[in-house]
Structures are given as C-alpha cells and as structure tokens.
Amino acid sequence: MTSTSRSETGGWRRVWWPRLPVALLLILCAGWAYGPALNRMFAADQLTYFLHLDGEATWASGLRLLDYTVVREYEKGDELLYRPALMAWLAAENVAFGRDFRRWNLANLVVHLGVAFLLFEVLWRLRPSVLAGAAAVWFVLLASNFEQVSWNHLGGYMLGFAALLAALWAARELAAPEAKPLRWAWLYGFAMAGAMLAHEVAVVAALGVGAYGLWLRRRTPGRPWMRPAVAWVLPLLVFAGLYAFHVARCERWLWADAHGTGAGAVIPALAASPRLIGEWFLRILLPGNADLAVWLGDRSYWKAPVQFWPLGAFWAYSAWLGLLVCSLPGFSLRRLKAEAPFAGLLVFVLFAYAGMNAIGRPQSGTIPYYAYFPALLGAVLVWLPLDPARIGSRRRAWAAGFLLVLALLNGWKTRQLSLKVQADNAVVAQHYAWLESRVRPGLARPDYTFSVTGVSTDLNPEDPVWVGYPDEEKLESISIYRFLYGHRFDPDAPSETFAWPESPAARP
C-alpha cells in the first residue's frame, strides 16, 4: 500500500511539477501586463470581417467565410492566401462573444498564455531546468509581442504558430534513431495540417521537414523512415487538395493590391530577409525598441526605426551580458553538432517567414506583430545547444535571475503600453460595451433592427472601404455601427431605439 502510494505521488509530481507553478506564474504575469488593454476596441481587418457577417453571430454566417479571400465582397485581393483554420477560429469567437471586445481580447490573452506554456514544455522536454520556466515568463511579458496579443483579430495566428511549433517538435522526435510511439506521427500530422490551414509559413515548413528527414536518413541509414514519411506526406496531400479547390474558385488568384511587392521586386525583397530578421531580434532583445504608436481604431506601428542603443538599453544589455556569462559553460560543440540538423530546420523556417513578409509588405519592418513568431522560434534555437546541467546550480540560479530581470523590463514596457491602450479606448469602449449589452438580446429575432440617438461622429464615424477589388475604385463610406451589426443597424426603420447616454429608468 505504501509503495503504491509513493509511486502514485511520484507520478503526480512528474506530471504537475513544475508545470502547475509555471502556469500560475504565467497567468499572474500576463494579467498584470495585459489586463488594462482588455478594453481595446475592434479595428481595421476585424471590422471588415464583421462587415461580411452582416450583423449575424451564428455558425452558418461564420463558416460561410472559411475561404475568406474568395467570398469576401469588400477589400478583395490576397487570393494567394488560404487560411480556413484562422477563419474557423474567428467564427467560433463570433458565436461565443458576439461584439463583446473584452471577451475577444481575453481569448487572445489565453491563447498567448497557451503558446508561452507550450514553449516552456518544449524547452523542459529538451533539457529540464529552471531556465525553461524563466524563458516562458520572459516570452509571456515580451514587449515586442504586444500588438500580436492585444489586437483581437490575431488569435488565430498564435494558434497556428503554436501548432507549427508542436509539429516541428514532433518531427524532431520522429526523426530520432530509435523508433518512437505512434502518437508522435499523429501529433505531427494533425498539428502540421492545422498550422498549414492557419498560416502559409507552415506549408514551407512542411517541405523543410521532408528535407530534414531525408538528410537524417542519408546520414544514418538505420533510422526508421516509413512512419515519418507517411506523417509528412499526408498533411501536404490534404492541404494540396483543399488548396486546389480554393484556386478553382479564385477570380484573381495571383493579383495583389498596392500593399504587396511587385513581381520584379521579389528577389530584392527576399535579399532583405536577413536585415528584417536582424531588426526583429533587436526589437525582441531590447525593450526600448518595442515602443509602439498605439492608435485608436487602427493597428499599432513601431514608433521609431530599430536602434542598437534605445532608451533603457544599458539595463537590457547588462542583463543579457550577465545571462551569457552565467550560461556560457552550458554551451558545447558536441551539443551544437547533435542539434545542428534541427537547428537548421528552424533557421530555414525563420527565413521563409521573413521572406514571405518581405514580399507581402514592402514596409514589413514597421509592422509589430510580425516579431511574435521569430521570438518563439528564437527561444528554441538558443536553447538547443545549451545544457543547463553543465552550468551548476548557483550559475543556473543567477542565469534564471538575469532572465527574470529581462522579463520584468519587458513587463514594465508592456504594462505601460496596456495603460495607454486603456486610456485611449476608455470612452469608445464604454460606449460599445453599453451598445452590445442592449443589442445582443434582440439579435435572436430575425427581424430585429435598432438605431441609436444622441451619438456624435466621434463614437460612430464613417470609414471608407473598397467594394470589390481596390483597382475597381468603388469606394463606400460605412459607419462603424454598420461594420459591427450590418443590416441590424437601421436608422430608418428600427424596431428598437436606444439613447446615448441612456436615460435613467423612471422610478415607480
């Protein structure tokens, strides 16, 4: 009885320690850093997505938009992209949250927490150490991640990146010399398929995984190959079939509007990928480079070009130097050689991601949320040649301390950005939370419409939007109420009218 009890206790500890403490710490840190920004109002692409829903919050309305670049009626273009998993996530949020932006923002934050915990799990499984938990805390507070986490439209990207990281980890396990359990093949297949349907970088990554497997097979002929090969091929076949159906429905498959790089500039854009990666890592490493211009009703942008010595750089450089000095004995050429093929795969994926963004956006260096994925992959890359067991307990403690100092420097910057978002969105957030609470109960009635009186154009402005393709030059001005609620907003024949600010109820 006693031995069984001890065995059960040991099993419990292996499962929950240190996972539960790390998860709780991540939640506390994320709540402190991002809590004020939960009032960020919908903006930009999110409003255009709502416009296509026409005020509906049903599964049918959301699933109709799975092949979004084909079926959308406004701001058409980018038909080369195919992201049905991303659109499925948006459809699920639409059904669950309606136009409650706080819930959308909270869902984004929960996804970010999940990605940070997955990063911890990967690092811990590679080589268990207190540094794995410290790295996850650093990632969850990272100031360069702010736009990705706080813009409610981008949760599907984070899910796709998490699925891709899980698939890459499974590919590493499948490529091991000894036979691995079948669950790794299943994990790779489902994770990579999901990632490919969320973001196109996973399609290139899947091709890289195939090359990675062939390279290892050639170097060590005794490696198992059947199970990894099947796991690699099936997601690609599924994606190819779905994408062929997508292409058949496209009106202008390869057409791109002015925000894309022209065909003649593709090679220069690809050549700029190393510079773009360098800029991302300076944004990631130095919190002073993560200063954002946070705009109400629009996506955020970097305030200034990247610098080697931004504000507060002394403290960041000092902490990184201390971390390097403490960790240096843990890096070994033997470990680096053993991990070189997998590290090469991660570097290939990183360059593919940079190349895609450089081609898709000529000013890709100004877009903050692009730095999220490089931070995720970069943390794993740095960890690969590190063996914390070679460092010693005292050095490990100091290294973890320096990493937590970096996390706090980022957390302070992230919280400052959150407080600015909270202040800038205060009035608009109050108004639209009030409106959603009154409109949503009536949406269950198919004939329900509403109007609002006493509202200035500051709260309900009209934004221009292209009808069809931008080169058709059909511009229409649409009010934000119409973006959010479609035909349900009908000032000419409303079934219910609200007054803002709402008049107090009459006392009986």
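Apart from one condition, P329 fits all of (1) touching a helix residue (DSSP H, G or I) at 6+ places or on another chain (Cβ under 6 Å); (2) open to solvent by 20 Å² or more (accessible area, probe 1.4 Å); (3) at pLDDT 95 or above; (4) farther than 22 Å from L207 by Cα; the exception is (3). For the stretch 433-447, the condition holds for at least one residue, the condition being that it is at pLDDT 90 or above, within 27 Å of the chain's Cα centre (by Cα) and of a type outside the set (K, R).
Within the stretch 452-462, being within 31 Å of the chain's Cα centre (by Cα) and buried (at least 18 other Cβ atoms within 10 Å of the Cβ) holds for one residue alone: N460.
Answer yes or no: is there a residue in the stretch 467-475 that is touching a residue at least 60 places away in the same chain (Cβ under 8 Å), closer than 21 Å to Y49 by Cβ, of a type in the set (G, A, S) and in contact with a strand residue (DSSP E or B) (Cβ under 8 Å, 6 or more places away or on another chain). Even if it seems obvious, please write down each step before you answer.
We begin by selecting, within the stretch 467-475, every residue touching a residue at least 60 places away in the same chain (Cβ under 8 Å); these are 467-471.
Among the residues that remain, those that are also closer than 21 Å to Y49 by Cβ are: 467-470.
The next check asks that each one be of a type in the set (G, A, S); those that pass are 468.
With the extra rule that they be in contact with a strand residue (DSSP E or B) (Cβ under 8 Å, 6 or more places away or on another chain), the set shrinks to 468.
Checked against the condition, which is being touching a residue at least 60 places away in the same chain (Cβ under 8 Å), closer than 21 Å to Y49 by Cβ, of a type in the set (G, A, S) and in contact with a strand residue (DSSP E or B) (Cβ under 8 Å, 6 or more places away or on another chain), the stretch 467-475 yields at least one hit.
Table: residues versus (1) exposed (fewer than 14 other Cβ atoms within 10 Å of the Cβ); (2) in contact (Cβ under 8 Å) with a residue 24 or more places away in the chain.
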site: R183; (1), (2): yes, no
site: Y212; (1), (2): no, yes
site: R217; (1), (2): no, no
site: L236; (1), (2): no, yes
site: F245; (1), (2): yes, no
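Residues of the stretch 467-494 that are open to solvent by 70 Å² or more (accessible area, probe 1.4 Å), at pLDDT 90 or above and farther than 23 Å from A426 by Cα: K474, L475, E476, S477, H487, D492.
Among the residues making up the stretch 75-94, those that are open to solvent by 40 Å² or more (accessible area, probe 1.4 Å), at pLDDT below 95 and on the phi < 0 side of the Ramachandran plot are L80, L81. Close Cβ contacts (under 8 Å, 6 or more residues apart or on different chains) running from residues in the stretch 52-63 that are touching a residue at least 40 places away in the same chain (Cβ under 8 Å) and in a loop (DSSP other than H, G, I, E, B) to residues that are of a type in the set (A, V, I, L, M) and open to solvent by less than 30 Å² (accessible area, probe 1.4 Å) comprise G55/L484.
Give A426, A407, A493 a once-over and let me know the one that is over 30 Å from A316 (Cβ atoms), within 26 Å of the chain's Cα centre (by Cα) and among the small types (G, A, S).
Details: A407 fails: over 30 Å from A316 (Cβ atoms); A493 fails: within 26 Å of the chain's Cα centre (by Cα).
It is A426.
Scanning for something in contact with a strand residue (DSSP E or B) (Cβ under 7 Å, 6 or more places away or on another chain), buried (at least 19 other Cβ atoms within 10 Å of the Cβ) and at negative phi, does the stretch 379-394 turn up at least one residue? Checked against the condition, which is being in contact with a strand residue (DSSP E or B) (Cβ under 7 Å, 6 or more places away or on another chain), buried (at least 19 other Cβ atoms within 10 Å of the Cβ) and at negative phi, the stretch 379-394 yields at least one hit.
The condition of being farther than 23 Å from T414 by Cα, among the aliphatic types (A, V, I, L, M), open to solvent by less than 60 Å² (accessible area, probe 1.4 Å) and at pLDDT below 95 holds for only one of A313, A340, A293, that being A340.
Selection within the stretch 108-141: residues that are closer than 17 Å to A30 by Cβ and without any contact (Cβ under 8 Å) to a residue 60 or more places away in the chain. The member of this set that is surrounded by the fewest Cβ atoms within 10 Å (Cβ to Cβ) is V110.
The values are calculated or read from the model by the stated rules, or taken from the named source; none is laboratory data. As the structure is a prediction and not an experimental result, all values here were calculated from the model. With ideal geometry, Cβ positions are generated from the backbone for all residues, glycine too; neighbour counts draw on all protein chains shown. These area figures cover heavy atoms from the full protein model, side chains too; ligands, DNA and RNA do not enter into them. Shrake-Rupley method; radii C 1.70, N 1.55, O 1.52, S 1.80 Å.
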